[in-house]
Every structure is written in C-alpha cells, then in structure tokens.
Amino acid sequence: MFHRRSVASLFACGLLLPIPVLHAADAYSILQKNCFVCHGAAKTSGLDLRTSDSMLAGGMHGAVIVPSDPEQSRLYKLITHVAEPAMPPGKKLADDDIETLRIWIEAGAPYPKIDAKQADAAEKAAQAKLEERPITESERNYWAFRPVHASAPPKVAEAAWNINPIDAFALSAMKAKGLKPSPRADKRTLVRRAYIDLTGLPPTPADIDAFVKDSSPDAWPKLIDQLLASPAYGERWARHWMDLARYADSDGFEFDKDRPEAWRYRDYLVNAFNSDKPYDKFIKEQLAGDEYITKDTPPDIARESIIATGFLRLGPSGGGGGERGKQDSLDDIVATTSMTFIGMTVGCARCHNHKFDPIPQKDYYRIQSVFYSTRPYTYPLVGATDVAKYRAEVNRITELQRPFRKAKADLEAPYQKKLIDEAISKLPDYMQEAWRTPADKRTDGQKLNVQQIEKTLTNDTLAHKIDEPMIVSLMTEEERKKHQELNDKIEELETQKPAMYPTAMAITDSGPTPQSSYFLMRGVPDAKGSLMQPGVLTVASAVEYIFPKAPEGAQTTWRRRGFAEWVASPDNPLTPRVMVNRIWQHHFGEGIVRTPSNFGKMGEQPSHPQLLDWLAAQFVQKGWSMKAMHRLMMNSELYQMSSNDNMADVSIDPENRLFWRMPRERVEAEVLRDSMLAVSGKLDRKLGGACIFPYISPDIFQGSSHRTWPGKADDDPATFRRSIYVFSKRSIRYPLFEAYDQPNLINTCDRRNRSTISPQALLLMNNNFIITQANFFAERVRKEAGSAPAAQVELAFQLALGRAPTPSEKTSSVAYVSANPKRLAEFCQAMFNLNEFAYRP
Amino acid sequence: MLSQLGGGIGSLAFLDLLNREALAAERNKNPLAPKPQQVPAKAKAVISIFCYGGVSHVDTFDPKPELLKRQGERMTGVGDVVASMGTPGGLMPSFWKFKKYGQSGLEVSELFPNIAQHADDIAVIRSMNALSPAHGPALFQMNTGTILAGAPSVGSWVTYGLGTENENLPGYVVFTDNRGGPINGAPNWGNGYMPAAYQGTQFRSSGPPIVDLRPPADRTNEEQVEWLKILNKLNETHLEKNPLDSELSARIYTYELAYKMQTSATEAIDINKETAATRELYGLDDDVTGYFGRQALMARRLVERGVRYVQLYSGGGNFEPSWDAHWDLKGNHEQHCAETDKPIAGLIKDLKSRGLFDSTLIVWHSEFGRLPISERMDGRDHNAYGFSVWLAGGGVKGGTVVGATDQYGYRAVENPKSVYDLHATILRLVGLDFDKLTYRFNGRDMRLTDVHGHLIPEVLA
C-alpha cells in the first residue's frame, strides 16, 4: 500500500510522468467485480459505471466522482462508509481496494482501454452469476415444499372425537397443551353459524325452527347439504375468491374507466362454487381456460373457460404504458397468481432473489415468461357472423356520414383561417416572428414553435383555442343554418349505429410463438439478462418440470396451460395445502397457517401440520371437491363447539391457536348489509347479472376522477340485491364496505383486516340506507306481529337474532318501544347495531 | 371542550357497563391511541397542501433568467426532452418577476406576494424529481410513495405511527377542492393494505363535515341518547357470555366515540366564532380566497384539536380548474396563486401567533412541476425531472434553498431529491424513523419509502 501511495505522490509532484494504466485497470476491475451488477446495465439510481462518460455523468443523486479529489467524490465517501448509504450494500471493500480507488480518483479517474469483447464476456459472466441461485437440499426440506404426507390420525380417549379425524388431530394437540375443547354449542347457535358460513345470510325463524325440531341423528349433515345446495352458497364463497382475485368493476388509476362486463367473471365464480367445480379444473380455467378449448368443446363450456381467464385481467390498468407498464401489469399477475394458488410471495423476487424464501429471481422471470405473451382479449359472446354484421353496419354508416363531414369542413374553413390569423396577432413577439419567418429560414426553436401554433390552432380539442361555436358565430345566417343541418344529419346517422354486442373481459396469447422475455437485473426493464424459458417454482418441483409443447395449429403458446398443469397437479405440495387452509380459515376464523397466501418463512408456521397434510390429501382424493371439504370440516365436533369464553383455556392459549373454541367472527361488510336486507324482508334473491348501484352521497364521489355514480335511491328495490352485486369502482368505494374493511380492490387479499372504529358506528347510526331498512324491518314486524309492543319485540328478536329475548331484555325493549310510535323503527335499527347481529356466533 | 360534550354521554352508562380499567384497555386497543415518537421531533401534526395538477416551479420558486435570454430557442444540452402531450415548443420565459425576500434573500415570484413575506420560514427544495410525468401515477407517488395504486398514504403512515391526540375526531382529515376532488379519487388518501382506521376521512367545509355524521333530521339528541341506552342495554347480554373479548367491548366503545364525534367534528370546523381579524387573515370574506381560506382555517382548528394529519387540495380533477396549465399558464397560475397565497400566508401567521407553528409541519407541493418550454403556445407541459416543494414549521430550517435544477429548470442536477427523500424527511420531522416504521403485509415489512429514501438534512433545523 505504501508503495502505491508513494508512486502516486510522485505523479502529483510531477516527478514522474503519470502513467496510470495499472491503476486504471485495477480500479476498473474492482468496480466491475463489486459495482456493475447494480450500477451497470441495471443503472440503479441512474448510475452506470461501465464507461468513463457514464461514470462522470453520475446518477439520480448527482455526480459520484470529482476527478482528482477523492474526499469530495461521493463514490469514495460511500465506499469508505463516511456517507450513507454505505456501499457496496452489506459489505465493505478490502482496504487495498479502497486505496486503489482513492489513488485512481486522485489520478483523475482514468478508464483503461477496455477490450469490448472481454468486457462483454465479463459482464455476461457476472450476469450469469447473478442469475444462478442454487436450491439446497435443506431448503427443499422446508415443510411446505415436502410432498403432502397423510399420516394416520391419532387415537383419543373420547369416542366422539375419534369419528372425524379432524377431531382426533385437534384434540390430541389440545391435550398436549392442557387445553379442553369447548362444549358443543346449542342448536340455535349452530344453525346461525352454518347459515352465515355457507350462505352469508342469517337463518329465518322458520329455518331455525325446522332444525331445532329435527331430532334425527343426521339433522346436522342434512342441514349442511341443504345449505351447500342453495345458490346463496356460491354467492357467499365467490366473494371470498374475489378478495384473492383483487376483483373490481373498473380500471383504477386516473381515468378509472368502468369495466361494464367484468361481472361475467363474478358469475363464473358463483356458478363454479355452486356446481362444485373440481378445484384443479377451477385453477386450469382461470389460468389457461382458452388453452384447453378444442374444436370439440361444447360452446357453453368454451365460453365459461374463456370468461374464467378474466382472473388474469382483474388487476388495475391505466397506470402507465411502455415496457415499464407491461412489467408492472405482469408483476400484478405473477404476484397475485403465486400468492393465490400456491401461497408463495414470488412477487418479492422481482428485483433480487427472495430475501427469506428459496425463490430465485430467475424463478420470477421464468414464471413471468409464462404470462409474457398474453394480450387482453375482448371475447364476443355472440357468434362470428354477428360480429361481422355489427362491424359492417358501423362501417356502412360511417361511409354515409363522410360527405356531410366534408361539406361541414369546407363551410368552416374560411372562418377558421380568420380566427387563426387573429390568434397569431396576439402572440408574444418571438412567437409571431417564428410564424412570419419563411419555413426554410426558421431556427430549430422557431420550427418547434410554428409546429405548436399550427397544431394548437387547428387541431386541438382540449384547449379549444378555436372551436366550432367560435367559427359558427362568425357565419352568416344562411351558412349557420346549413351548418346546423349538416350536424343534424351526421348526428342522425350516428344514432343509427348498432349497439355493441355483449363481450367478456378475457385474456389469450398474441399467437402460438412466444414473445421473448428476459431476466431483468434489479427488475429494470432495460437491464436485460438472459432469455427466459417458462418455468415453475424450482424449490417446489422435485424434478425439472417439462412444459408441454403446443400442438400443431395451436393458437397460443400453451405456456399457461403448462403452468396450470403444474399448479393443479395432485403432486404439487403447495396447491392443495393452500386451498384446504383457505376453506378452514373461513370456517374456523383463522387458518391452520394464519398467513393463508404466504406459506414461506415470513409467514406463520402451521399450528397442526399433520392435520393440514391429512386434509390436503383428502382434498385431492375426493376429486378436489370443495363441497366435500365443507362437509368434512363442518361435520367435525370441532366446528360445533361453543364460542363462549373459557377462562382456563384463555389463559393457556389466548389466541385460540389450537382451536379450543369456535372464535366469534365479526361478519364482513357484505354479510352485514345482506343480513339487514334479509331481516327487513326486502332482500331480492335474483342470481347474477349486471351490477347494481346503491345510493352514495355525491360528497363522496365528487372526490373521484369522474363525478358520476348512477346511484339509485335508498328505497329503490333495484338495489335490494346481495352485496356481491354492488358495482366495485376502484375510486368510489361504497362507504359501508370501506368502513368495514372490504379489501382495497387492488391487491390480492387473503385475510381481511378487522377494524373496530367509530366511523363504522356513525354509519350504522346515521346512514339513510340503514334507517330505510330499519323502517322496512319495523313495517314487517308491525304487519306480522300486530300492534302489541311485546309481540313486536319478540318477533324483532327472532328475525334479527334468531332467538327470543331474555326476560330482562324483553322488559327494557318493551318499555322502549312503547314510549311512542317512532320507537319501533328505532328499535329495529338498534337490532342492526347489536354486537350479536354483527358477529357470527 | 371535552367537558362541554361530557354531559349527554355521562348518562349513557358506558362506565357501568365496562369498568374503568376495561375502558382504559379499550382506549389502548383503539388503533388510533397516541403513540410515542420514535425519535425526538418538534412537529406533532402535518398540514399537506397539495396543489393538484403541477405548479410551475420556474414561475414560482425557481427563477431562471436564462429562459428570457433564450426565449423561443430550442432547449438543448439537457438530454431528451420529454413532453407528455407531444409537440414541444421553444423555451418560454416566465410571465412573472422574482424578488428576494427576508434575511435569507429567498427568491419568490410575484405570484406569491404573501407567502414571500414568510421567506425566512420556508425551506424550498428546488431539486425534486418524481418517477412519472402522468398525473395518476405521480399523484400516487406523492401521496403513497409508489406510482402504483394500493399502498397506504403518508397520512396513514403518520397516524399509524403516532395515533391521534383526539379520539373524538378522525386522526387524518382531507379537504378536496370545492370544484371536485383530484383524479384517482379516494385511494389518494387511502389506507392501502392497512386497517381502515388509518384512512383519510374526507371533510366537507360546509354543512356537517362528514357524510352520515348527523342523525336524521327527525331524531333529537335526547332520542339518540335513549337509543344508545337501549343499544347498550341489549349489548350487555351478549357481552356477559364473552366477558374476556375486548373486541366486543371495543365495539361498544366506538358508539360512545361516534356520539361524541357528531358534536366535536361539527364544532371543529365551525368557524363562525372566529374573530374578524382571523377572517381577514385568511381572506374569508373575499370571493377569490374565501374557499381555500376556510379550509386553511379549518386545518388550523383541526391541528389545534389534536388531529395528526390534514391534507388540503387546491385544484379539482380533469374537468375542473386545476394547476394543470397546458395552455394559458398566465390565467391559470394567476387564478390559483391568488386563491391560495393569502390563506397559506395567513395560516403560517396564525399558527405562529397561537404557538402552533413549531409543532406543525406544513408541506407545500404538487405531484410534479412544469416544463421550461411552451406547450400550446402559452402553457407548460408536465415535468417530473425537476420541480420545487417547500416545508415550513416544526423542525424546519427556514430561509433555506436545497439543490438546483439546470439552467432552464428542466432537470434537478444539484443535490437531487426524490419523493422517497421527501417522505423520509416528513416522517423524521414528526418523530418517525422511515427505516424503522414498518407494517407487515403479504409477508413483507412494508415501508413508506420502500427500500429507498435518505433524509434531507439541509432542511432540518
């Protein structure tokens, strides 16, 4: 070190001719080895150190090298850890290397003559190193990546808990911790629980009665079957899936355009759950429905399969174009797909290898290449001849309009010119001068300004510097009349254009040949690494997965089909575990893994790993039937436990991790609204179709891009449909849903937040929709129970809570209701506000 | 103030239902319960003044004499010229003159004569740059750190980090322009992936401030109190079966808060009792300044009452007047500056006279700036490569200028600052460490500044 330094000082003193070749080469190789990965093609923070020019240009944070002045050079300050952020990230260069760079900067930071070939090879080698992230045996051995292994359920002493293996697994885990299962809940509680879980609606007094009175041993399984057969089941469980699918009916972003036909995907979901579509098929249709269709596929199945691909279209759009915009959209697809189906946060590996899980960045880009060749597909729901007919008709009318448009333009021309001349005379001198200067004599700036003037004054619909009314105002009476006639004719023809045929939002590939996609260093679109082939999650695939080849004549690449086959394979260790855990979560309040879309290291570990595996195996064995899973889980003793507090167990396991009781769950926003409609007697049970627009105060949507929300009045029966049908506009949220933690409609959501905040109370206290429904509820009570307050209170309790009031409740309620005639409706509103109404028991 | 409100609710028997300890526990469970600062800082509240559409920095806080010298010339030597709307023109001089103000000699254009009087109070960052020159993404970036939708806004992070000082008011309040809200809508002040407690609550500046704040017209206060009593009475049975479930008692408690909020929110923005001098200070009785003046005054009243984060928008959306001066920059900026100059200066003065200036951080900003060249002959197009913002109040070193754009004002070239840096600094000024303030979502500890952000030490007092 001393030696080098002394040589440098000799240069500085001018005693030796500066020949910094050695330093330059050394310095370059240090930078190449340590810095180019981020500050090369990836240009992190805008800095590219690969050439002298780009190094001297600096990055987003300004210059990094002050030639001959190391102490003032940002690069030197960062590598010596004098300034933040310390570089390279997470380590410090060797002292010798730092010193070499110091001397090199002092010498003016010269670059060596770079052999382009060699540099290219070195860069390629560095890239290859960056792209390789081997998976170790022990990483493969992480529980979630091991094959599902169903061990035999343990035996417990309690006979009743040995019948359903869920119970045996759960009880033996409880016993190990000294926990006692809660006693069985009463039948009224059970029937309410089952209705809310499976249909999202409270049972009617008659439903409750029928179940309570049915003393046959199979009363409970019969009830479950009956509820699973109800169309309301599909509506309820489709909503869970919509959370995962970040479903919305509009684009989001600045223009937040409506997606008036997105609901077809929602109807697909409702139908899929109701028909108990096998889950593997459900996956394949959503990821690659279009790639499973052949000539022989019946039209209704083909149609369903294509609508299902809407899953890949549901992310926000309109946030930006170009490759960056495309990368962001693909990121939405990769992140949502991997979290939803395999419970892995692959999205975290967009810019670097996953920090916690064995997910190489390369896996991200291999999975991305599966989706890279897709394009949005507006799928006509009518036949090809109808589409052709529509297009021909539109073209025909446009042709008829043409002569009228031409005549109109001719009529306007002289006045337009007059207005242009006038406008130019008002411009600043330098602009007018540009205009006056002959075209061949204009400077660069003048050319730009003239272009701008021309465009602004003749062809600008935004600024309206010169618009049609201004032109018309200068016309003679006769011309004005003619102009109006022409406009009328054009407009009349316009109205003759046929209405657009119905379509669905789907996705397909741009063709059978895949588009090339690349590994991107640091996730930067310009920093291309090697060409990517489609792949799956390496760590979860025991042998290298071979993608099927698209057959001759295929319209698509078949990459999504290949990926879907892997995801939906019975051997995939993640897919069945993830889905049974979701079903479990919606029955038991929390999953066996409490981070349902993250089975990785940063997620929670399973509370009952063996039970999870046993369930996953059952799921596959029973043909991926979701209804079979509901039956299995709900027929357990565990599901039928009481939710009441139990001091002894609370102190051991306050979070109920071992499911020693059924947790009380605050119902979701949608269930709350639907329950009010059901209890008031107004709920319209019509299934599917276009969305509804319940009333929203203009004060709320005046803050959106478009100040329109075609809301119907609170007492308009058109809005009395289930919440799943409420139009989900990303910039205009339905206040009740927003306050009660409906997800943000943008990111996939595996578990809703459960806030308890005062705006929720304000809404239920004062909102006109709630009050309107409370009035309907009161009307119903009056009609069905008569005018005696005692009977009214009794019925209101039965309808809203499914039970009779206690004597003390009855006394206070009757006293309250009797005070004046307004009170009944207010009392009914109080019912909607009760904790008991808002919690699933 | 609390004592004024206490009367009605005392009779509600909340305290009979929940013992005092349990009540204290509910307060702590309240996601908006006040939390200590992570690092010592003076400011306790933030007022963000968002000039939607893009203020032209070269016409307000970043003088560029070069534009006059070279008017009409093509802008060269500063890299690619990106004009969002196409058809870039030549360099266009400013319509306004700049002067130096205060001891610091900070330069401000004649568009802001009143704010200029506070030159020594404000720290202008002239070297800001943003990631997108399109309103939607840029608005998201300025509000949430990322150009994509779905992340929590700065106000959500601040209320998440610090809670609020007054549980009878929302912790985070937003006033949109009276002509309409900014584009993107509510996600601008959304809680993203955080719980609903941290979302901005939109206040109206006339009538009841919050939608559904008031009970229906035919329900008197006494009736409402009676109603709350029967509600509580009936909640009792359910609570008895689940005495250990604090979520249930927390929900009961939200009704007490909601009841109080009906009065306190209305009171908080009731400016009828403000003095004539205050009205004059904010320009309330002037048609031009009246509207924004009211909002600025309400912001002061809210901050005074313990609200953590207030955001005021100047400028409506795509179809209303906003700062988005693609043409007629002169008319546009004269209008919007006139509307806001006096109220903002009034706000600074008022906060000072009430001793609140040191505990309040004011951030004045747009989503980006405007180009030094002309668009549509007399306007300017979007510019995300260089623009100005300013900070004032608690912990801010007034009279400061940070960084610089190039000779035209096109790109930030000296000491450039990103939106991440601005956010890191805002958090720091209210006592939060941008690096340590995290929220776990989808398996990641999320940050407002993601993996980016550096403090801007030059603006810290």
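Nothing in this text is a laboratory measurement; each read-out follows from the coordinates by a stated rule. Here the structure is a predicted model, which means the values were calculated and not measured. Cβ placement follows ideal geometry from the backbone for every residue including glycine, while neighbour counts extend to all protein chains displayed.
Quick one: if you stick a label point 7 Å off each Cα along the C-beta vector at A:I490 and A:S473, how many nm between them?
2.0
Residue by residue, what Karplus-based ³J(HN,Hα) values in Hz, rounded to whole numbers, does region A:212-225 have, using 6.51, -1.76 and 1.60 with θ = phi - 60° and x for Gly and Pro?
4, 7, 7, 9, 5, x, 9, 4, 5, x, 5, 4, 4, 4
Among residues other than B:L460 whose Cβ falls under 11 Å from its Cβ, what is the net charge (Lys/Arg +1, Asp/Glu -1)?
+2
Got a sec? Which residues in region B:56-96 would a label at A:T443 touch, if it sits 7 Å along Cα→Cβ and we count backbone N under 17 Å?
The answer is B:65-78, B:89-94, whose backbone nitrogens lie closer than 17 Å to the label point.
Averaged over B:257-263, how many beta carbons belonging to a partner chain fall within 10 Å of each residue's beta carbon? Write down the numbers at each step before the final one.
Numbers: counts 5, 10, 4, 1, 4, 3, 0.
The mean count of partner-chain Cβ atoms within 10 Å per residue comes to 4.
What is the distance, in nm, between label points placed 7 Å from the Cα along the Cα-to-Cβ direction at A:W143 and at A:T503?
A separation of 4.8 nm, rounded to one decimal place.
Based on the mean of other beta carbon atoms within 10 Å per residue, what is the order of A:323-332, B:354-363, most packed first? Don't skip to the answer; put the middle values down first.
Working: A:323-332: 17.8, B:354-363: 19.9.
In descending order of packing, they fall as B:354-363, A:323-332.
Compute the FRET efficiency between A:E552 and A:S510 as 1/(1 + (r/R0)^6), taking r as their Cβ-Cβ distance and R0 = 22 Å, and round to the nearest 0.05.
Numbers: r = 18 Å, r/R0 = 0.84.
E between A:E552 and A:S510, to the nearest 0.05, is 0.75.
If amide hydrogens are placed 1.01 Å from N in the peptide plane, which non-local residues have theirs closer than 5 Å to the one on A:M87?
HN-HN under 5 Å from A:M87: A:I79, A:H81.
Which ³J(HN,Hα) values, rounded to whole Hz and listed in residue order, are derived for region A:531-539 from phi using the Karplus coefficients 6.51, -1.76 and 1.60 in 6.51 cos²θ - 1.76 cosθ + 1.60 with θ = phi - 60°, glycine and proline given as x?
5, 9, 9, x, x, 10, 6, 4, 5
I need the helices of chain B that pass two filters: whole DSSP H segments spanning 27 Å or more by Cα along the axis, and mean Kyte-Doolittle score no lower than -0.5.
Membrane-span-like by this rule: B:246-268.
Ignoring everything except DSSP H segments at least 4 long, calculate the 222 nm mean residue ellipticity for chain B; use -39,500 (n - 2.57) per segment, divide by total residues, nearest 500. Don't jump to the answer; show the numbers that get you there.
Numbers: 13 runs with 152 residues, N = 461.
The helix contribution divided over chain B gives -10000 deg cm²/dmol.
How far apart, in nanometres, would the label points at A:K455 and A:A150 be if each is projected 7 angstrom from Cα along the Cα-to-Cβ direction?
6.7
Given R₀ = 30 Å, FRET efficiency for B:D433-B:E458 by Cβ-Cβ distance, to 0.05?
Details: r = 19 Å, r/R0 = 0.63.
Step by step, r from the Cβ atoms, then E = 0.95.
Pairing the Cα long axis of helix A:609-621 with the longest principal axis of chain A, what angle in degrees results, from 0 to 90 and rounded to the nearest 10?
90
Please list 3J(HN,Hα) in residue order for region A:353-358, calculated via the Karplus relation 6.51 cos²θ - 1.76 cosθ + 1.60 where θ = phi - 60°; whole Hz, with x for glycine and proline.
Working through the residues one at a time gives 4, 4, 6, 10, 9, x Hz.
Once you sort the root eigenvalues of the Cα gyration tensor of region B:331-461 as a ≥ b ≥ c, which label holds: rounded (a/c under 1.5), prolate (a/b larger than b/c) or oblate (the other case)?
It is oblate, given that a/c is not under 1.5 and a/b is not larger than b/c.
Taking Cα centroids, how far is region A:806-841 from region A:720-795 in Å?
16
Arranged by the count of other C-beta atoms within 10 angstrom, fewest first, what order do B:R204, B:R447 take?
Ascending number of Cβ neighbours within 10 Å: B:R204, B:R447.
Once a ≥ b ≥ c are taken as the square roots of the eigenvalues of the Cα gyration tensor of chain A, is the result rounded (a/c under 1.5), prolate (a/b larger than b/c) or oblate (a/b not larger than b/c)?
Oblate, since a/c reaches 1.5 and b/c is not below a/b.
If you restrict to DSSP beta bridges whose two residues both lie in the protein assembly as shown, what percentage is antiparallel, to the nearest 5?
Of all bridge pairs located within the protein assembly as shown, approximately 60 percent are antiparallel.
For region B:123-178 and region A:559-575, write down the distance between their C-alpha centroids in whole Å.
Spelled out, the Cα-based centre of one part sits 41 Å from the other.
Can you compute the FRET efficiency between A:K389 and A:I652 using 1/(1 + (r/R0)^6), with r the Cβ-Cβ distance and R0 = 60 Å? Round to the nearest 0.05.
Once the sixth-power term is evaluated, E becomes 0.25.
Where Lys and Arg each count +1 and Asp and Glu each count -1, what net charge lies around B:S127 among other residues with Cβ under 12 Å from its Cβ?
-2
State, as an integer percentage, the relative contact order of region A:404-513 based on alpha-carbon contacts under 8 Å between residues 6 or more apart.
Averaging sequence separation for qualifying contacts and normalising by length gives 36 percent for region A:404-513.
What does the charge add up to near B:D328, with Lys and Arg as +1, Asp and Glu as -1, over the other residues with Cβ less than 14 Å from its Cβ?
-1
What is the fewest-to-most order of B:T289, B:T220, B:T278 by other Cβ atoms lying within 10 Å of their Cβ?
Lowest count first: B:T220, B:T278, B:T289.
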